[in-house]
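A short write-up of the structure that comes next.
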Amino acid sequence: MHRGRLLGVSNAVTTVARPSIDAVRGAIGKAEDGARRRSGSVHLLAVSKARTVAEVRAAHGHGLRHFGENYVQEAIAKVQALADLDITWHFIGAIQSNKTQDLARHFQWIHTVDRTKVARRLSAAAERDLDVCIQVNIDAEPQKAGVDPDELPALVSCVADLPRLKLRGLMVIPEPGNPRDSFRRTRQLFDALSPSAGEHWDTLSMGMSDDFADAIAEGATLVRIGTAIFGPRT
Ligand SMILES: *Cc1c(COP(=O)(O)O)cnc(C)c1O
């Protein structure tokens, strides 16, 4: 049955992403199962950077509702072009502090807060509640975005107290090599901070196309997937 549909007559919608979305959903379910986690406990964020408005529209047609973007100008054009759809937009790119007003206006989620200056500016700019994650530089890589683990508790306290910011959890991009170990350490930080992080603390944003099964095994609640849904970026 499944195969029949894949081999069916292609059209503009089904050629974009249907089989790969099904495959990603299947793989997430399998990883949830393997980790004895509840089915549906991991949310799928489709990373749509470098994708066209038509591709996002097609993916929405296949049931996806959460999309992630890295670049503010590119994202705003898509948010506006797709304003007729019920999409929740997530920002997952590096934050320049002079862009916080645009971010607060166009996104519901911001995954990459990594310093107090940005958190304060987002809080001041927001006209409604924003869901935020703090990005951790879990492997303390030089040049990498994210707060160092040492400085994380102070940033958590700061963000938890700011109006308009609902502090949801942590986001991480591990260094290449042994991502599972980085995911595990992020999960340990998440658990340790839980008593001081406030009532909304429920999200571990970790795992991308190549490593999301490991991330789910270590407790990810949201995986950010681009290539495995849309194909390679050109
Ligand atoms: C691009 C990107 C992703 C998606 O990566 P894929 O390997 O294409 O799945 C996830 N998270 C962040 C922060 C990204 O920049």
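Karplus-derived 3J(HN,Hα) values for the range 184-194, using 6.51 cos²θ - 1.76 cosθ + 1.60 with θ = phi - 60°, are 5, 5, 5, 4, 5, 5, 4, 5, 5, 7, 3 Hz; glycine and proline are entered as x. Annotation: amide H of I110 within the under-5 Å range of F91, D131, V132, C133, sequence separation 5 or more or interchain, hydrogens built in the peptide plane. Counting neighbouring beta carbons within 10 Å and listing from fewest to most, the residues E32, E74 come out as E74, E32. Lysine pairs in the chain whose alpha-carbon atoms fall under 21 angstrom of each other, counting only those eight or more residues apart or on distinct chains, come to 9. Dipole magnitude for the range 105-150: about 340 debye, using +1 per Lys or Arg Cβ and -1 per Asp or Glu Cβ, origin at the Cα centre. Shown for C133, C158: other C-beta atoms within 10 Å of each C-beta, ranked fewest to most, produce the order C158, C133.
For V47, nonlocal amide neighbours, meaning residues 5 or more places apart or on other chains whose placed amide H falls under 5 Å from its own, are G68, I225, G226. Think of it as helices only: each DSSP H run of n ≥ 4 in the chain is worth -39500 (n - 2.57), and spread over all residues that comes to -12000 deg cm²/dmol at 222 nm.
For G231, no residue has an amide H sitting under 5 Å from its own, ignoring neighbours fewer than 5 places away on the same chain, with H placed 1.01 Å from N.
Readers should treat all values here as calculations from the given coordinates under stated rules, not as data from a laboratory. Model, not experiment: these values are computed from the prediction. Glycine gets a Cβ as well: all are built from the backbone with ideal geometry, and neighbour counts include every protein chain shown.
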